[in-house]
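Only the coordinates and a few stated rules stand behind these numbers; no lab work does. All of these numbers come straight from a predicted model, not from anything done at the bench. Please note: Cβ atoms are built from the backbone with ideal geometry, for glycine as well, and neighbour counts cover all protein chains shown.
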């Protein structure tokens, strides 16, 4: 975390982009989605601690592979001060479990696809070897001395 990140009251888009290793365009995307809502100081966007926290949560959700709607739902849940911590954690656990199950299914699907791909590759290689062997046999037969029709024995 950069020097004084949490003691600072506001941040510019460049400071947040540098801190989180993203582009200003990424932060503007999250602004368009309503995840962050900076104030203005002249022409500059000014992000408060709430925006920084929401951006951090959004980027964490993205790293986990969550859908934008899931990210927004979780962030909004944490924003509600009247929501119980237990309910928040239960909802977060449910979202994580559903996402983990989805990823595990994708892994099983990928494993099946890779297994089929390897089988197809092996079949293709065997067929190719067979064709190449047949071509070599035909070529070897063409190089062998053939009896001349005039010298054939009766």
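Compactness of region 72-133, taken as the C-alpha radius of gyration over 2.2 N^0.38 Å, stands at 2.22. Grab the beta carbon distance between residue 133 and residue 64, set R0 = 35 Å, and tell me the FRET efficiency rounded to 0.05. Taking R0 as 35 Å, the efficiency between residue 133 and residue 64 is 0.10. Cα centroids of region 20-48 and region 52-102: 20 Å apart.
Using 1/(1 + (r/R0)^6) with R0 = 35 angstrom and r between the beta carbons of residue 32 and residue 119, what's the FRET efficiency to the nearest 0.05? My answer for the efficiency is 0.15. In a fully extended conformation the segment linking residue 79 and residue 48 would gain 9.7 nm over its present Cα-Cα distance, using 0.36 nm per residue.
As a length-normalised measure over Cα pairs under 8 Å and 6 or more apart, the relative contact order of region 10-133 settles at 15 percent.
Hey, quick one: spin label on residue 12, modelled 7 Å out along Cα-Cβ, who in region 35-58 has an amide N within reach, i.e. under 16 Å? What the label zone holds, given the 16 Å backbone N cut-off, is 39-48.
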